[in-house]
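Working notes for the structure below.
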Amino acid sequence: MLCSDAAAPLPSTRISVFNVLPALRAAGYDPRIAFAPPQPTERPDVSGLAARLIADGIDIAYFQKVHGPGVRAEIETLRQAGVRTVYGVCDRIDDDMVRLTDATVIVTDYLKQQHAPELQARIHVVHDGIEHPEVRCREDIAAGDGRLRAILVTSGSPETVPVLGRPPRWLALTVVGQYPERETPLQALRARLRRVRHAPPGERLERLRGYAFTARAWQPQRVYEDLAGAEVGIIPVDMRPDPLPGRQVSYWQVKSENRLTLKMAAGLAVVASPVPSYLDIIEQGVNGYIAHSRADWLAALDALRDPQHRHSVGAAARASVLQRYSIDEQARRLIAVFDGLRGTSQPAGDAALLRMP
């Protein structure tokens, strides 16, 4: 039973659950999907779930991203019956859920550190695993106009590029996001007009002529073709304060490494904003660049116009993330959490997955 359609699971569900199920089975666990709401929600009605899991003899119940009074009540019932409980989360700071469950699985060290100090021992970091390590950027393709080919993959549909603003003329930028798959000429013109409406008057005509970026619809397989056809990756982030409820930490600060490791694994030299989870991965100028200001962005991208340097940075990027952020390594981390809850000397048992994207 799924929280999102099995034929098209949402990214976080696919990455944190579907991708690791084979490794769980290989380790002797029997993972079962125990609940899925009719519509995606982080606060589902799970009445009676605990009784069913107890009757089924489930050893571990894994709650992915769900919370709220109803969820907490079922967890209490499970714990009283001796069923171990695990909370999986990627973008929330919820000390109450961490206290209530036996273990919490979280996607970044930075997000872990935002929880109360006394809870740190209960929290385990399992990163987002690289899904297609076989994909590599092609070095035999060059832009016909001699510009540097850059790619930004996003879950949104930006009309302008954060921080970087208007790309320089020597940068051919493609943004892959939630754009229409096919546009009529009129729709394309309207989209371009939207992307330039916030530009200074003197820049609007230049942007309309195509100096901004090419918008491309995201498709789960085609995005890897898009990556393979690029020379550099960029991850500019709007760093204005956007705090999580009741916290001083902004949403952008708790982002996982996924979009960075996606591009680095493909052998792309990446320039990124200083998202905390990125800082432990990028060695400045060696396997990527962190850029704070527009001047930083332009300097880093200009340095990557040198093919030899760009290839060196891309190769170092790929080598630095392939094993560390592999699906196998992240599955090993998750299995270690389950083994620790049951005792490593015991045989693996059933694990019920309560899943949300």
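Just to verify a result, which residue in the stretch 35-69, among those that are surrounded by fewer than 18 Cβ atoms within 10 Å (Cβ to Cβ) and part of a helix (DSSP H, G or I), is nearest to the chain's Cα centre (by Cα)? The extreme case among them is 69.
Here are the criteria: (1) out of contact with any Leu (no Cβ under 9 Å at 6 or more places or on another chain); (2) modelled with pLDDT under 75; (3) open to solvent by 40 Å² or more (accessible area, probe 1.4 Å); (4) not basic (Lys, Arg). Tell me which single one residue 199 does not satisfy. Unmet for residue 199, out of (1) out of contact with any Leu (no Cβ under 9 Å at 6 or more places or on another chain); (2) modelled with pLDDT under 75; (3) open to solvent by 40 Å² or more (accessible area, probe 1.4 Å); (4) not basic (Lys, Arg): (3). Checking 99, 25, 72 one by one, the residue that is over 30 Å from residue 243 (Cα atoms), open to solvent by 50 Å² or more (accessible area, probe 1.4 Å), not aliphatic (A, V, I, L, M) and not in a loop (DSSP other than H, G, I, E, B) is 25 and no other.
Scanning the stretch 32-88 for residues that are among the charged types (D, E, K, R), within 19 Å of residue 103 (Cα to Cα) and touching a Pro at 6+ places or on another chain (Cβ under 8 Å) yields one hit, 65. Please tell me if residue 308 is of a type in the set (S, T, N, Q) and either closer than 28 Å to residue 62 by Cβ or touching a residue at least 60 places away in the same chain (Cβ under 8 Å) (or both). No: the conditions fail for residue 308. Scanning the stretch 53-104 for residues being closer than 25 Å to residue 14 by Cβ and basic (Lys, Arg) gives a total of 3. Would you check if there is a residue in the stretch 2-17 being open to solvent by less than 40 Å² (accessible area, probe 1.4 Å), of a type in the set (Gly, Ala, Ser), within 26 Å of the chain's Cα centre (by Cα) and farther than 30 Å from residue 223 by Cα? So far as the stretch 2-17 goes, no, none of its residues is open to solvent by less than 40 Å² (accessible area, probe 1.4 Å), of a type in the set (Gly, Ala, Ser), within 26 Å of the chain's Cα centre (by Cα) and farther than 30 Å from residue 223 by Cα. For the stretch 159-177, taking the residues that are over 10 Å from residue 234 (Cβ atoms) and of a type in the set (A, V, I, L, M, F, W, C), the one that is nearest to the chain's Cα centre (by Cα) is identified as 176. Scanning the stretch 114-138 for residues that are free of Cβ contacts under 8 Å to residues at least 40 places away in the same chain, open to solvent by 30 Å² or more (accessible area, probe 1.4 Å) and over 23 Å from residue 13 (Cα atoms) gives 117, 118, 120, 121. Residue 109 meets the conditions (1) more than 30 Å from residue 155 (Cα to Cα); (2) touching a residue at least 40 places away in the same chain (Cβ under 8 Å); (3) touching a strand residue (DSSP E or B) at 6+ places or on another chain (Cβ under 7 Å); (4) open to solvent by 50 Å² or more (accessible area, probe 1.4 Å) in every case but one. The failed one is (1).
Residue 152 falls short on exactly one of the conditions (1) outside any helix (DSSP H, G or I); (2) more than 19 Å from the chain's Cα centre (by Cα), and that condition is (2).
Looking only at the stretch 142-158, how many residues end up being under 11 Å from residue 305 (Cα atoms) and at pLDDT below 80? The qualifying residues number 0.
Taken over the stretch 243-254, residues that are open to solvent by 60 Å² or more (accessible area, probe 1.4 Å), under 18 Å from the mean Cα position of the chain (by Cα) and without any contact (Cβ under 8 Å) to a residue 40 or more places away in the chain amount to 0.
The values are calculated or read from the model by the stated rules, or taken from the named source; none is laboratory data. Quick caveat: nothing in here was measured; it's all calculated off a predicted structure. Every residue, glycine as well, gets a Cβ built from its backbone with ideal geometry; the counts of neighbours run over all protein chains shown. Only protein heavy atoms, including side chains, enter the accessible area calculation; ligands, DNA and RNA are left aside. Shrake-Rupley method; radii C 1.70, N 1.55, O 1.52, S 1.80 Å.
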